[in-house]
Structures are given as structure tokens and as C-alpha cells.
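This report concerns only the one structure given below.
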Amino acid sequence: MSVWRGQVVVLTGASLGIGAEAARVLAEQGARLVLAARNVERLQGVAALCRIHGADVEVVPCDVTVEADCRALIARTSARFGRIDTLVCNAGQAMWARVEDVTDWSVYERLLRVNYLGAVYCTLAALPHLRASKGRIVAVSSLAGKTGVPMRSGYAAAKAALNGFFDSLRIELMESGVSVTIVCPGFVGTGSRARNVGPDGVELGRSPVDEAAMMPVGECVRQLLDAAEHRDRELVMTARARFAMWLKLLVPSLVDRMASTAMRRGR
Ligand SMILES: NC(=O)c1ccc[n+]([C@@H]2O[C@H](COP(=O)([O-])OP(=O)(O)OC[C@H]3O[C@@H](n4cnc5c(N)ncnc54)[C@H](OP(=O)(O)O)[C@@H]3O)[C@@H](O)[C@H]2O)c1
């Protein structure tokens, strides 16, 4: 029987991409779901797909950059289900601009708020519930949080902050039974690059790279849920990325060149 059966899972960023696919797979496996994002119409679409699998689903509009929204998300979950077993901090947004081209400097604050503070707020609110259930926290980071990536400075900084927070929290929770899994995907074909923030602070509207050869979202979610199920401390997706993490200890300049090439090729 699936480990997710009957589990109450809160998913941020559930309206699209990795979050929406994770919701669908968790529904198939019998989880009870709380789906959060800003776009309620899209969330309702995802919820409808989940209900086809018989899942009990709550939709909660939530902008993770707003502390009160994150508190309300957890309060709604507790009121509806009386417990929280897993929190997946997945909401995120990236940028696509060289540092010297950035004209709207608020891009940096925006990316910190959505990729870092949003996860911190949700976690702070959910921790008492997760302690009670000896639950799981899954923080969706990125390879950009592990090593520098051109065009992604503010995003890489925010994901590095996310890693620092959850690596520290994991140690604090060592005896609690609550696990912290940091997930670092590489290039996943979710269409998210069209939603990257450009140098002027405006979303690009279309992907600057071909996403066809990227990791399919289903494979990303399979790996993510497997790592969460086994309470792994970290998941770095793809063998090439895991190799690069070792290489970075020995020849970091080579990893810089690998990152540059990967961004040029879009994978
Ligand atoms: N795709 C990749 O190649 C890749 C690689 C590495 C890491 N990641 C990480 O994986 C996660 C999911 O990425 P994805 O590719 O699935 O992205 P996506 O398709 O663009 O989906 C992003 C999700 O985050 C939500 N979101 C954005 N801003 C939000 C906010 N302020 N408050 C609440 N929700 C917000 C969006 O919903 P609303 O717009 O409705 O709010 C959407 O549901 C992100 O953390 C991303 O950084 C992705």
C-alpha cells in the first residue's frame, strides 16, 4: 500500500508544473490534499483532476510572499483535516537576465520572497503540526541553489538561502521524527521559463529555450516523491549534476563552465 494513503499533504505552487503533477500523483495514491497558489481557477482545475481519483482536496488561494496567507493556509488545513503529515514548499519563480542588464532592482527582493521567505513562512506555521505527526518537509530548491548559474543570479541566491534554512532546520529537528528533504531539480520541462522574470521585472511570456529535451515533469515528480517517502536529506536530480557536485570540490572552475554550457543549451 502507498505510504501516501490517507496522508494530509500541503502543496504550494500546486496550480502548475511540478506542483500540479505532484498533486495528481499523490491523489492517485490516496493522499488528502491541500492545494495552494495564487491562481484559484487553475487550482480548481488541478483539484478536479485529483477528485477523479477520489481524493479529498481543499483549494486555498495563497500568495506565499504574504505571511498572513501562509498562516491562513496552515490554519485552513488544520481546520479541514485536523493534522498535517507533509508540507511541500514548491512555489517558486526564476529569473532570466544577466546581472548588468537588470533595470528593475526589485527583482532580487521578489525572488527572495517567493523562493525563500514563502517556504520559511509556511514551515514556521506548519511546524507544530508536523512535530505532532512526525511528518515530512519537502523543500523544492534547484541546482542553482547548489552552484552559480548565469542569468539566474537572484534565483540562485534565493535557492541557496532556502538550502541554508532547511539544512539548519534539519539539524534542529534531528530528534523530532520530522524529516527535511531538499529537492534540487535541474532542467524540467514545465514551461516555467515563460514565467521567468526578465531584466525589467516583467515575466518573459515565452520560453527563451526549447524545453523539449528537458526532464519530463512526471520523472521529476517520481524522484521527488520517492525521496520524500524515504525521508532522504537531499535529492540532486540527474547523474551529471551529482557528478558536478563532486567535481566542484576539486575543480570548481570546470563546474562554472559546465553551468555556462548547460544554460546556453537549455539542458
Ligand atoms: N522547472 C524547472 O526546470 C525547475 C528546475 C529547478 C527547480 N525548480 C523549482 O521547482 C518549483 C516548481 O517549478 P515549476 O517548474 O513547476 O514552475 P511553474 O510551472 O512556473 O509553477 C510555479 C508554481 O508556483 C506558484 N507560484 C509562483 N509564485 C507564487 C506565489 N507568490 N505564491 C504562491 N504560489 C506561487 C505558481 O502558481 P500561481 O502563479 O498560481 O501562484 C505555480 O503553481 C519551483 O520552486 C522552481 O524553482 C524548477
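Structural remarks
- When each of G205, G191, G198, G218 is tested for being surrounded by 18 or more Cβ atoms within 10 Å (Cβ to Cβ) and of a type outside the set (A, V, I, L, M, F, W, C), the lone residue that passes is G198.
- Test: residue in segment 171-183 that is under 17 Å from L124 (Cβ atoms) and open to solvent by 40 Å² or more (accessible area, probe 1.4 Å): yes
- Sole residue being open to solvent by less than 20 Å² (accessible area, probe 1.4 Å) and in contact with a Cys (Cβ under 8 Å, 6 or more places away or on another chain), chosen from A22, A27: A27
- Unmet requirement for G6, which otherwise passes all of (1) open to solvent by less than 10 Å² (accessible area, probe 1.4 Å); (2) in contact with a Lys or Arg (Cβ under 9 Å, 6 or more places away or on another chain): (1)
- Looking across segment 183-227, just one residue is at positive phi and within 12 Å of the ligand (Cβ to nearest atom), and that is G191.
- Set V60, V64: member being in contact with a helix residue (DSSP H, G or I) (Cβ under 8 Å, 6 or more places away or on another chain), more than 23 Å from R193 (Cα to Cα) and open to solvent by less than 30 Å² (accessible area, probe 1.4 Å): V60
- Of all residues making up segment 240-253, the number that are out of contact with any strand residue (DSSP E or B) (no Cβ under 8 Å at 6 or more places or on another chain) and either under 22 Å from L162 (Cβ atoms) or open to solvent by 70 Å² or more (accessible area, probe 1.4 Å) (or both): 8
- Checking each residue in segment 130-140 for being assigned to a helix (DSSP H, G or I) and either surrounded by 21 or more Cβ atoms within 10 Å (Cβ to Cβ) or without any contact (Cβ under 8 Å) to a residue 12 or more places away in the chain (or both) picks out only L130.
- Here T261 does not fit the description of being over 19 Å from L162 (Cβ atoms), within 19 Å of the chain's Cα centre (by Cα) and among the hydroxyl-bearing types (S, T, Y).
- Every pair of residues 6+ apart whose Cβ atoms lie under 6 Å, when the first sits in segment 144-158 and is buried (at least 24 other Cβ atoms within 10 Å of the Cβ) while the second is in a loop (DSSP other than H, G, I, E, B) and of a type in the set (A, V, I, L, M): Y155/A94; A156/V149
- Strands (runs of 3 or more DSSP E) wholly inside segment 1-104 that include at least 3 residues being under 20 Å from the mean Cα position of the chain (by Cα), in contact (Cβ under 8 Å) with a residue 40 or more places away in the chain and within 14 Å of the ligand (Cβ to nearest atom): 8-12, 32-37, 86-89
The values are calculated or read from the model by the stated rules, or taken from the named source; none is laboratory data. The structure displayed is predicted, hence computed values, not measured ones. All Cβ positions, even for glycine, are placed from backbone atoms using ideal geometry, and neighbour counts span all protein chains on display. SASA here: full protein model, heavy atoms, side chains in, ligands and nucleic acids out. Shrake-Rupley method; radii C 1.70, N 1.55, O 1.52, S 1.80 Å.
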